[in-house]
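Take a look at the structure set out below.
The values are calculated or read from the model by the stated rules, or taken from the named source; none is laboratory data. Computed from a predicted model, the values in this text were never measured in an experiment. Here the Cβ positions follow ideal geometry from the backbone for every residue, glycine too, while neighbour counts run over all protein chains shown. Calculation scope for accessible area: heavy atoms of the full protein, side chains included, ligands and nucleic acids excluded. Shrake-Rupley method; radii C 1.70, N 1.55, O 1.52, S 1.80 Å.
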Amino acid sequence: MRFDCKSETNQMDTDSHLNEPTFDPDAAIGELAAGVLTGMKREEFQNLARELAAGIEVEDLDYLQSRFHSPPPEPPEYDHRKHGLGGWLSSCQFAIFELIYQLKSDAIPFLRGIAWGPYDWTQGNAIELLIRMAAEGIETDEIIGEISANYPNIRYEAQLYALEPLIPMARGDRALNALLIRMRAEIPMLDQIAGEVEARLPAT
């Protein structure tokens, strides 16, 4: 008996494709953002983002960007009196960028366009992700160089927003802490902003 190897191979490829995880951006944004609202711990949040981002591709970036200022519907957990009028929007932006982070180096060109483009609330989020990637050894010198060149010239709000999550995160991340020490030594404006963030943190 002859076996049609080509047909079997094609069927296996089809089955494999069907079994690939499908990325659902709105569901992922909503679930992660709800976690932000309820005070989910950072490690749990990051683990959930990795899980929800299974199947994410560079082609999803345009849609995710379209959700920066047009988030999915508010969940029952959202209370504007508790979380503020912009609480859901900011939680969704935080969630979106954590999903983008899962693309690692593939997301860097996209992040650079936001970080060093026209001012937007999300500028600080993009800079934060670039710094986290640099701490992982992804284009470290290139990222430090562009931050050195551009960070002093961006708006104060973006400077602050980029560092606010990183300073406490660095307390439990040696690589990130080492990178921030280097950057603070090389970029006086970043050192100044980092000092302001540290002054507001509770003592450890």
Check Ile56, Ile96 and return the single one that is of a type in the set (Val, Ile, Thr), out of contact with any Pro (no Cβ under 6 Å at 6 or more places or on another chain), open to solvent by less than 70 Å² (accessible area, probe 1.4 Å) and more than 22 Å from Trp121 (Cα to Cα). Ile56
Can you give me the number of residues within region 119-139 that are among the β-branched types (Val, Ile, Thr) and assigned to a helix (DSSP H, G or I)? 2
Region 64-83, residues that are assigned to a helix (DSSP H, G or I) and either at pLDDT below 95 or surrounded by 12 or more Cβ atoms within 10 Å (Cβ to Cβ) (or both): Leu64, Gln65, His80, Arg81, Lys82, His83
So, in region 23-45, how many residues would count as being touching a helix residue (DSSP H, G or I) at 6+ places or on another chain (Cβ under 7 Å) and within 22 Å of Phe110 (Cα to Cα)? 6
Checking the conditions here, which among Ile138, Ile127, Ile114, Ile154 is open to solvent by less than 10 Å² (accessible area, probe 1.4 Å) and either among the β-branched types (Val, Ile, Thr) or over 22 Å from Ala178 (Cβ atoms) (or both)? Ile127
Can you confirm whether Arg132 is of a type in the set (Lys, Arg), open to solvent by less than 60 Å² (accessible area, probe 1.4 Å) and at pLDDT 95 or above? yes
Could you tell me whether region 140-155 includes any residue that is under 26 Å from Tyr63 (Cα atoms), in a helix (DSSP H, G or I) and touching a residue at least 12 places away in the same chain (Cβ under 8 Å)? yes
Positions within region 181-202 being open to solvent by less than 10 Å² (accessible area, probe 1.4 Å) and in a helix (DSSP H, G or I), in sequence order: Met183, Leu190, Ile193, Ala194, Val197
Is it fair to say Ile167 is part of a helix (DSSP H, G or I), exposed (fewer than 15 other Cβ atoms within 10 Å of the Cβ) and either β-branched (Val, Ile, Thr) or within 16 Å of the chain's Cα centre (by Cα) (or both)? no
Given the conditions (1) open to solvent by 40 Å² or more (accessible area, probe 1.4 Å); (2) of a type in the set (Ser, Thr, Tyr); (3) assigned to a helix (DSSP H, G or I), which single one is not true for Ser91? (1)
